Every structure is written in C-alpha cells, then in structure tokens.
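Below is one structure, written out as structure tokens; comments come after it.
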Amino acid sequence: MASVLQQGVGRAGWLLVIYGIISVLFGLSTLVWPGKTVVALAWAFGIMALAEGIASLFQLFKRNTTISRGWVALYALASIVFGLLAIVHPLAVVSVLLLFLAAWLIVAGIYRIIFAIRVRKEIKGEWLIALSGVFAIVLGFMFVAYPAAALLTVAVWIGAAALVYGVLQIMAGWRMRRWKSPM
C-alpha cells in the first residue's frame, strides 16, 4: 500500500507534466522565433516593472511606511520609467541590458584569470579557471561587437534551457504519477 506521502506526490505529478509541457512549448517557440522572444521578454519585464512602480506609488499614500517616502518615490519612478521604456522600446532596453551582461563577462573573466594566477601554487588545474576567464572575456567582447547575434544567442540559450527543463519536468511528473496507484 502506498504511503500518504507517495499518494500526495503522485497526485501532484500531473502539475509537473503541465509545467513541463508549457516549458517545452516555450523552449521550442524560443528556438523557432528567437527575435520575437527577446521582444516578448523585454515586454514581460516592462509590464512587471510598470506594475511594481504603480504598486509602489500606492505605498506613498500609506501612513506608516517602513522606507522613507523619498526612496519609495524614487523606486516607483524608476520602475515606471523602465517599464514604459521596455514596453515602448524593447530592443533598446534589451541592448542596454546586453551591454551590462557583456561588461560583467569581461570583468568576471579578468577576475578569474587573476584568481587563477594567485592560487596556482595551491591548486591543480588552475589553468581551467584562467581558460574560463579567457572565454568569458572573448564572449563579452563578442557581445559588444555583434549585439544582434548576441541577443539571438541569449534567446537560443534561454530556449534550450527551457526545453531541457520542460523535458525533465515531464519525466519527473510522469514518474511521480506512478506513486499515486497502490503498490
């Protein structure tokens, strides 16, 4: 006889299958239409930021606030401006975010190389850390040099990850479904 926990998990398995199917469909659509995915993601972030900004405006009118009204107003304004920009000019916002990603990759690569040099006497294989740093720097400069290709590449990465995640969710949900029946 199946335990209560197994029966509960078995009943929840169908949720994982549904999440997995949605993720697989998202992943496939991202791989088929990476450009449209980039715009859709920018819109989604814009809508979330706009909603957060509007909700923060309501915080200004509460009597007791945990954060000063000035910070709440600044946050609300920044959220609304970013949200509107992302909705009206999604590619411009995504391009700026891509430049931040490129800058981070370059800084992270330099950090990894310096770290590998500093620990070379304590660990073996430090050259792999340095090599990952070199790859991060090259990727960062490629993102700056070819932003359109970089946007599509990031979209494809997201799509591939969503596809793998979805398949794993479906497999887990399918296995959990078997626990529902008495053993």
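The values are calculated or read from the model by the stated rules, or taken from the named source; none is laboratory data. What you are looking at is a predicted structure, and each value in this text was computed from that prediction instead of being measured. So basically every Cβ, Gly included, is an ideal-geometry build from the backbone, and we count neighbours across all protein chains shown.
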task = Could you tell me whether the stretch 163-177 includes any residue that is in contact (Cβ under 8 Å) with a residue 24 or more places away in the chain, part of a helix (DSSP H, G or I), of a type outside the set (F, W, Y) and within 23 Å of A42 (Cβ to Cβ)?
result = yes
query = Restricting attention to the stretch 57-78, does a residue exist that is outside any helix (DSSP H, G or I) and surrounded by 13 or more Cβ atoms within 10 Å (Cβ to Cβ)?
reply = no
inquiry  = On the basis of being touching a Gly at 6+ places or on another chain (Cβ under 6 Å), at pLDDT below 90 and assigned to a helix (DSSP H, G or I), does L31 make the cut?
reply    = no
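Matching residues to (1) surrounded by fewer than 15 Cβ atoms within 10 Å (Cβ to Cβ); (2) at positive phi; (3) at pLDDT 90 or above:
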| site | (1), (2), (3) |
| --- | --- |
| V4 | yes, no, no |
| G13 | no, no, no |
| L16 | no, no, no |
| Y19 | no, no, no |
| G27 | no, no, yes |
| T37 | no, no, no |
Yes/no for I67 being at pLDDT 95 or above and either under 16 Å from the mean Cα position of the chain (by Cα) or of a type in the set (A, V, I, L, M, F, W, C) (or both) = no
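Residues checked against (1) closer than 30 Å to T153 by Cα; (2) touching a Lys or Arg at 6+ places or on another chain (Cβ under 7 Å); (3) touching a residue at least 40 places away in the same chain (Cβ under 8 Å):
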site: A12; (1), (2), (3): no, no, yes
site: L16; (1), (2), (3): yes, no, yes
site: L31; (1), (2), (3): yes, no, yes
site: V39; (1), (2), (3): yes, no, yes
site: G53; (1), (2), (3): no, no, no
site: K62; (1), (2), (3): no, no, no
site: R69; (1), (2), (3): no, no, no
site: L85; (1), (2), (3): yes, no, no
site: I106; (1), (2), (3): yes, no, no
inquiry  = Among the listed residues A92, A116, identify the single one that is part of a helix (DSSP H, G or I), free of Cβ contacts under 8 Å to residues at least 60 places away in the same chain, surrounded by 16 or more Cβ atoms within 10 Å (Cβ to Cβ) and not β-branched (V, I, T).
reply    = A116
task = Hey, can you tell me all the residues within the stretch 136-162 that are of a type in the set (F, W, Y), part of a helix (DSSP H, G or I) and modelled with pLDDT under 95?
result = F143, W157
